[in-house]
Amino acid sequence: MNSIDPVTALIQQRKPRHVLPRALYFDPDVYRLDLEQIWHKDWIFAGHTFEIPKAGQYFTLQIGDYPVAVVRGKDGEVRAFHNACRHRGAKVCEHASGKVAKLVCPYHKWTFELDGNLLYAGNMGSEFDRANYALKSVHLQIVETYIYVCVAEKASDFSSFRAAVTPFIAAHRLDDCKVAFESNLIEKGNWKLVFENNRECYHCDGTHPELLNSFVENLSVAGVGGEDDPQLVAHWDRCEAAGMPSRLNMDPHGRFRMTRIPLSAGAVSYTMDGKPAVAGRLDASAEADIGALLYFNYPSTWNHFLGDHALSFRVLPIGPGETLVTTKWLVPASAVEGVDYDLDRLTKVWLATNDQDRRLVEGTQAGVSSPAYEPGPFSENAENGVCQFDDWYCATMLDRLSGRPAFKSVS
């Protein structure tokens, strides 16, 4: 496939409430269009502001074709740059994270200030004007410590997502958090399979014994509803009375959603016994059992917030059949490992769950790559969430491939 039309035809041949056609999971040309039409246009979750609290601290990520560096400046501002020297393109920030006084290209020592301006470029002659060679900026937005970046020339609207997510996560006081542990897992599967797997728990009974000590999928929410579920409504009412926004909020286009769900009886955290993993609370409410706040924002993140800690997940495509999944366990900044939390107890459930999901994704990648694969139907009861993701993907790709903007453009 070397043009847009065959990809559009592939998407259009998908039957309603069925899995995607096989080529959409492994074909290099489809992957190229996924990058161009989604990953290179949308807001991508990069990391948290509290990961770079001091001037000169940075972290890097790869968004499709674009290496990006996120840097804390001397003025306290967080900025994002294309991580390519304005001389001959070498990566200026070589490592996954670090702390520097200046941004110095390792190749020819071109030196940039933390705000991206070029300070020094040796042997360039008297006609060379440093002012023309600052690092190129990447669009950046921050919402409740979440850093989102967009590598497009013009970024899509961020305000609707900001307005929706802020009240849900503001109550969890992330400004006073730190990363207790980070896991980076390469899954040998297409990024869409990774997200499909996340959007249902149909597989959980036979796969995730650790997670099911506390997590219970709410099928009312998965079906994009919930008001007809008395137990869920009672949970929402109790949490909202304690100042914790909880009722389902979903983007009309299907790109993001947030809601709070109850955990299994007696469980308040993702631990083997359901009891808290961390002493103290993330939120300021007096409600002991707030369940789990779940929020996703396609294409790059899903998240879980509990009373004692939170987890942020970031998805980044590496190739047609390879995806990087980064998980961060967030705890209060004052929490001391070995005193306020035990790292094994904190991470045991999701380290196991992530690896179990990796095996499922990799097995599915092998299966959908077979010429014998034929897309099957989604469960009417248990797979509404994954169907919603595939519907979003197809609608977004068709809309953008036809030339119509999916979101309002802002400069």
- prompt: Can we say Val194 is closer than 15 Å to Phe313 by Cβ and part of a helix (DSSP H, G or I)?
  reply: yes
task: With the condition kept exactly as written, say whether any residue in region 34-52 is surrounded by fewer than 16 Cβ atoms within 10 Å (Cβ to Cβ) and either farther than 25 Å from Leu316 by Cα or small (Gly, Ala, Ser) (or both).
output: no
query: What number of residues within region 114-131 are of a type outside the set (Phe, Trp, Tyr), part of a loop (DSSP other than H, G, I, E, B) and free of Cβ contacts under 8 Å to residues at least 24 places away in the same chain?
result: 8
field: Considering residues of region 268-281 that are touching an Asp or Glu at 6+ places or on another chain (Cβ under 8 Å) and at pLDDT 95 or above only, the residue surrounded by the most Cβ atoms within 10 Å (Cβ to Cβ)
entry: Ala277
- prompt: Just a yes or no: is a residue in region 354-369 within 21 Å of Gly189 (Cβ to Cβ) and not in a helix (DSSP H, G or I)?
  reply: yes
Residue that is farthest from Ser159 (Cα to Cα) [pool: residues in region 247-268 that are under 21 Å from the mean Cα position of the chain (by Cα) and in a loop (DSSP other than H, G, I, E, B)]: Leu248
- prompt: Which residue pairs have Cβ atoms under 7 Å apart, sit 6 or more places apart or on different chains, and have a first residue in region 222-234 that is in the same structural domain as Arg257 (by TED's automatic domain parsing) and a second that is modelled with pLDDT under 80 and acidic (Asp, Glu)?
  reply: Val233/Glu227
- prompt: With respect to Met244, is the statement that it is part of a loop (DSSP other than H, G, I, E, B), under 24 Å from the mean Cα position of the chain (by Cα) and touching a residue at least 24 places away in the same chain (Cβ under 8 Å) true?
  reply: yes
query: Just checking, how many residues over region 129-163 are exposed (fewer than 12 other Cβ atoms within 10 Å of the Cβ) and either within 24 Å of the chain's Cα centre (by Cα) or not acidic (Asp, Glu) (or both)?
result: 6
- prompt: Given the residues Val104, Val30, Val92, Val68, which is the only one that is surrounded by 17 or more Cβ atoms within 10 Å (Cβ to Cβ), at pLDDT 95 or above, over 21 Å from Ala152 (Cα atoms) and β-branched (Val, Ile, Thr)?
  reply: Val104
- request: Only residues that are in contact with a Ser or Thr (Cβ under 9 Å, 6 or more places away or on another chain) and either over 24 Å from Pro299 (Cβ atoms) or not in a strand (DSSP E or B) (or both): list them for region 59-94, please.
  value: Arg72, Asn83, Lys91, Cys93, Glu94
- line: Among the residues of region 211-241, the number that are part of a loop (DSSP other than H, G, I, E, B) and not aromatic (Phe, Trp, Tyr) is 11
message: On the basis of being within 30 Å of Gly319 (Cβ to Cβ), in a loop (DSSP other than H, G, I, E, B) and not assigned by TED's automatic domain parsing to the domain that holds Asp175, does Ala55 make the cut?
response: no
query: Looking at Met250, is it surrounded by 16 or more Cβ atoms within 10 Å (Cβ to Cβ), without any contact (Cβ under 8 Å) to a residue 60 or more places away in the chain and among the aliphatic types (A, V, I, L, M)?
result: yes
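A quick yes/no check of all residues on (1) modelled with pLDDT under 95; (2) closer than 26 Å to Arg257 by Cα; (3) not assigned by TED's automatic domain parsing to the domain that holds Asn197:
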| site | (1), (2), (3) |
| --- | --- |
| Ser300 | no, yes, no |
| Leu306 | no, yes, no |
| Ser312 | no, yes, no |
| Gly338 | no, no, no |
| Pro377 | no, yes, yes |
| Phe389 | no, yes, yes |
| Thr396 | no, yes, yes |
- prompt: Hey, among Glu227, Glu240, Glu200, Glu182, which residue is surrounded by 17 or more Cβ atoms within 10 Å (Cβ to Cβ) and of a type in the set (D, E, K, R)?
  reply: Glu200
message: Looking at region 70-82 only, could you name the residues that are in contact with a Leu (Cβ under 8 Å, 6 or more places away or on another chain) and either free of Cβ contacts under 8 Å to residues at least 12 places away in the same chain or under 16 Å from Val149 (Cβ atoms) (or both)?
response: Val70, Val71, Arg72, Gly73, Val78, Arg79, Ala80, Phe81, His82
message: Please go through region 311-346 and give me each residue that is crowded, with 23+ Cβ neighbours inside 10 Å and of a type in the set (Gly, Ala, Ser), ordered by number.
response: Ser312
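The values are calculated or read from the model by the stated rules, or taken from the named source; none is laboratory data. Since the model is a prediction, treat every value here as computed from it, not as a measurement. Methodologically, a virtual Cβ is constructed for each residue, glycine included, from the backbone with ideal geometry; neighbour enumeration extends over all protein chains shown.
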